[in-house]
Amino acid sequence: MTPPHRTPGLRLVMLLRVSTAGQLDGYGLEAQEKDCRKWVRTAGSGLGGVRIIRVCTDGGITGKAGDDERPGLTETLQLIASGEADGLLAPNLDRVARQLTQQEAILSVVWAHEARVFTADRGEHLPDDEDDPMRTFVRQVMGAAAQLERGLIAKRLRNGRKTKAAAGGYAYGAPAYGQRAAGKALTVDSDEAAVLEQMRAWHEEGVSIRAICERLNAVGIPSKRGGKWHPTTAARLLNPDARAAARRQSAQARAVEREQQRRQRADRILSRMA
């Protein structure tokens, strides 16, 4: 029996992520995808060709979230585990996960399935090698440095918001779609409010979230940050109650997980002492 024809080249899943709290560096989904596709054009030929078989996004989800809270990451790993993809491509390792421990765990899963990891900023990230310990050391040091930098930036932003709020100004991040900051208060953005009203009307008519995004993108209506509309962005606007509930549930789950991890570490220390 003749095996089915397979188009040559690496089959990669593009993994993109933006944070719930807004990007500290303004690196949104559209810019991330642009950088990844540029890498495919420039570096793909040297790898025998690269095909992006799926674009998976975690929109509005913090990189600290667990795997079960990140549908884009979950889908990416499922495609790799099933053999439908040869690896993943992300803009940088920070978009794979913000915390170094989670980042390392995800890389281990991909490599365990004999798949490959690429980022647009550094190319391929090779699996750990006992004969090359510097490879692991450099990757982890860079990840730890990036995590420290993000923590310092977040601290400065929190301090800045507290100072502004103490002076009577609006200090709670970018206004939601349909609103804008005017002086020290929030006010309605009439253009965005009209778009939001139309989105809600379509949604009530039974139009899917994806179809709503396609309609907005087709007529050139930009999202809050000026880019294209993505389903996760529209879903948060059209179902804010579900978003709030998901946040509360995620926060509770993370609190339980942190407590379990603390107890496990304590148990290991006690067992070694015994």
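Taking a 22 Å limit on the Cα-Cα distance, which of the listed pairs Lys34/Lys228; Lys38/Lys155; Lys155/Lys224 fall beyond it?
Numbers: Lys34/Lys228 12 Å; Lys38/Lys155 33 Å; Lys155/Lys224 25 Å.
Cα-Cα > 22 Å for Lys38/Lys155; Lys155/Lys224; rest within.
So, with a 1.4 angstrom probe, what is the percent of accessible area on region 82-121 that is carbon and sulfur?
Values: 710 of 1470 Å².
It is 48 percent, rounded to a whole number.
Non-local amide H neighbours of Arg11 (under 5 Å, H modeled in plane, Pro and chain starts lacking H): which ones?
Amide H neighbours of Arg11, under 5 Å, 5+ apart: Arg51, Asp86.
If the chain between Trp111 and Gln252 were fully stretched, how many nm would it gain, using 0.36 nm times the residue separation less the Cα-Cα distance? Mind showing how you got there, number by number?
On the way: separation 141, 0.36 × 141 = 50.76 nm, distance 3.09 nm.
Stretched out fully, the Trp111 to Gln252 stretch lengthens by 47.7 nm.
The values are calculated or read from the model by the stated rules, or taken from the named source; none is laboratory data. Just so it is clear, the model here is predicted, and its values are computed rather than measured. Quick note on the areas: whole protein, heavy atoms, side chains included, nothing else; ligands and nucleic acids left out. Shrake-Rupley method; radii C 1.70, N 1.55, O 1.52, S 1.80 Å.
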